1. What is the order of VAL47, VAL60, fewest Cβ neighbours within 10 Å to most?
2. Given 0.36 nm per residue, what is the gain on full extension from SER68 to ILE100 after removing their alpha carbon distance, in nm?
3. I need the shape label for segment 30-73. Rule: rounded when a/c is under 1.5, else prolate if a/b > b/c, else oblate, with a, b, c from the alpha carbon gyration tensor.
4. In nm, what is the difference between 0.36 nm times the number of residues separating LEU113 and ILE57 and their Cα-Cα distance?
5. Once R0 is set to 22 Å, what does the formula 1/(1 + (r/R0)^6) return for the Cβ-Cβ distance between ASP135 and LEU90, expressed as a FRET efficiency to the nearest 0.05?
6. Mind checking which of ILE40, LEU90, VAL65 is farthest towards the positive end of segment 14-134's charge dipole, using Cβ charges of +1 (Lys, Arg) and -1 (Asp, Glu) about the Cα centre?
7. Normalised by the number of residues in segment 14-134, what is the relative contact order in percent for Cα pairs under 8 Å and 6+ residues apart?
8. Can you give me the C-alpha center-to-center distance between segment 86-129 and segment 27-57, rounded to a whole angstrom?
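Taken together, the values in this text are just the output of simple stated rules run on the coordinates, not laboratory data. All values reported here derive from a predicted model rather than from experimental measurement. Using ideal geometry, Cβ is built from the backbone for each residue, glycine included, and neighbour counts are taken over all protein chains shown.
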Amino acid sequence: MDEAAAQPPTADPTTLRADSMLGWTHAIYGLHAFSLLTGILGAATVVGAFLTGWPSIIAVILNYVKRSEVRGTWLESHFRWQIRTFWFGLLWVSLCVFFIVVTLGIGLLVVWLPFILVGCWFVYRIARGWLALRDRRPMYT
């Protein structure tokens, strides 16, 4: 009997690492989604709940803490997607607030539309990312 045929196939370490981190990645999307639902169903706005809600802040911290464990796997793209969603959202909201300050509050009448668009963008990014994760596909940014 051939020795190579008798030995079980060894799993790729990158695949094993990705499989072990799959649950973490789902949990992080879940935390972001919980923040979005809090904003949709509660008194807070979607944007406010996503950027200042504890679930999203915990999710971003987990992204940074666990980032090295997904490096080199297809999950790395999901971590990058989640981190960029948070920070680019913060950038857009900061620009909206800056616009309100520069226009001495007059811009508040106009800025609700960008806030709504940023909220929809958050929902889109989390839904698209989570669906791709469910299908075990990387995110292309």
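1. Values: VAL47 24, VAL60 20.
Final ranking by Cβ density, sparse to dense: VAL60, VAL47.
2. Working: separation 32, 0.36 × 32 = 11.52 nm, distance 3.87 nm.
In short, 7.6 nm is gained.
3. Numbers: a/c = 3.96, a/b = 2.92, b/c = 1.36.
Since a/c reaches 1.5 and a/b is larger than b/c, the shape of segment 30-73 is classed as prolate.
4. Values: separation 56, 0.36 × 56 = 20.16 nm, distance 2.46 nm.
Full-extension gain reported as 17.7 nm.
5. Values: r = 28 Å, r/R0 = 1.28.
So the FRET efficiency works out to roughly 0.20.
6. With unit charges placed on the Cβ atoms, the residue in question is VAL65.
7. Values: 109 pairs, mean separation 36.6, N = 121.
Contact order relative to length: 30 percent.
8. 15
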